[in-house]
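This report refers to the structure that appears directly beneath it.
The values are calculated or read from the model by the stated rules, or taken from the named source; none is laboratory data. Remember, predicted model here, so these are calculated numbers, not experimental data. Methodologically, a virtual Cβ is constructed for each residue, glycine included, from the backbone with ideal geometry; neighbour enumeration extends over all protein chains shown. For accessibility, only protein heavy atoms count, side chains too; no ligands or nucleic acids. Shrake-Rupley method; radii C 1.70, N 1.55, O 1.52, S 1.80 Å.
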Amino acid sequence: MIERSLKDAIQQFRSGIRKTDYDKVKGNKDYLSVAYRLKFCREYFGENMSIQTESTELSNGSHKFKANIYLNEKLVSVGESKQMSNKEKDFEKAQTVSVGRGLSILGFMGDEIASKDEMESFWQDAKPFEEKKITKDKTFENGHKVNYPKDEP
């Protein structure tokens, strides 16, 4: 088994990015596609890299995704995403987002982790801080989670 350095891989990846490798996304922002980043990692690490994804169905019918990225059988990054709607291909897109986030956290990214549009959308949906009532955190009581679910330890 050939061991290849993660640090060297990231340096080679970053130095090899050309302006033409970027895709344009909403707002004319440059973005390195998940396919582009995954192709580099697969070619560089070969069989020493594996990615395992899992989905959890949420109560509203959408899904939460988790992508575990392994190098030489060691967990090196985790990316998560949430499917917000049930339109055609949303399941697959959300799974791909989790892989992309895992690769970004590992160091294989352009200039972003979350796009500007994603962050703007998030903050538009969130209530302003001033409107939120600050209360004592009762998440844990006597070493148990309160009402989540049924007071699990």
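Just checking, does the range 7-28 include any residue being in contact with a strand residue (DSSP E or B) (Cβ under 9 Å, 6 or more places away or on another chain), open to solvent by 80 Å² or more (accessible area, probe 1.4 Å), of a type outside the set (Ser, Thr, Tyr) and modelled with pLDDT of 90 or more?
No, there is no match, as no residue in the range 7-28 is in contact with a strand residue (DSSP E or B) (Cβ under 9 Å, 6 or more places away or on another chain), open to solvent by 80 Å² or more (accessible area, probe 1.4 Å), of a type outside the set (Ser, Thr, Tyr) and modelled with pLDDT of 90 or more.
Check off (1) free of Cβ contacts under 8 Å to residues at least 40 places away in the same chain; (2) surrounded by 14 or more Cβ atoms within 10 Å (Cβ to Cβ); (3) out of contact with any Asp or Glu (no Cβ under 9 Å at 6 or more places or on another chain) for Asn68 and give me the number that stays unchecked.
Going through (1) free of Cβ contacts under 8 Å to residues at least 40 places away in the same chain; (2) surrounded by 14 or more Cβ atoms within 10 Å (Cβ to Cβ); (3) out of contact with any Asp or Glu (no Cβ under 9 Å at 6 or more places or on another chain) one by one, Asn68 breaks only (3).
Going by what's in this entry, would Glu43 be described as within 20 Å of Gly110 (Cα to Cα), part of a strand (DSSP E or B) and open to solvent by 60 Å² or more (accessible area, probe 1.4 Å)?
Numbers: within 20 Å of Gly110 (Cα to Cα): yes; part of a strand (DSSP E or B): no; open to solvent by 60 Å² or more (accessible area, probe 1.4 Å): yes.
Considered against the rule, which asks whether it is within 20 Å of Gly110 (Cα to Cα), part of a strand (DSSP E or B) and open to solvent by 60 Å² or more (accessible area, probe 1.4 Å), Glu43 comes out as no.
Of the residues Lys82, Lys127, which is within 16 Å of the chain's Cα centre (by Cα), loosely packed, with under 15 Cβ neighbours inside 10 Å and modelled with pLDDT under 95?
Working: Lys127 fails: within 16 Å of the chain's Cα centre (by Cα).
Every option except Lys82 fails the conditions.
So, in the range 3-40, exactly how many residues are not charged (D, E, K, R) and not in a helix (DSSP H, G or I)?
7
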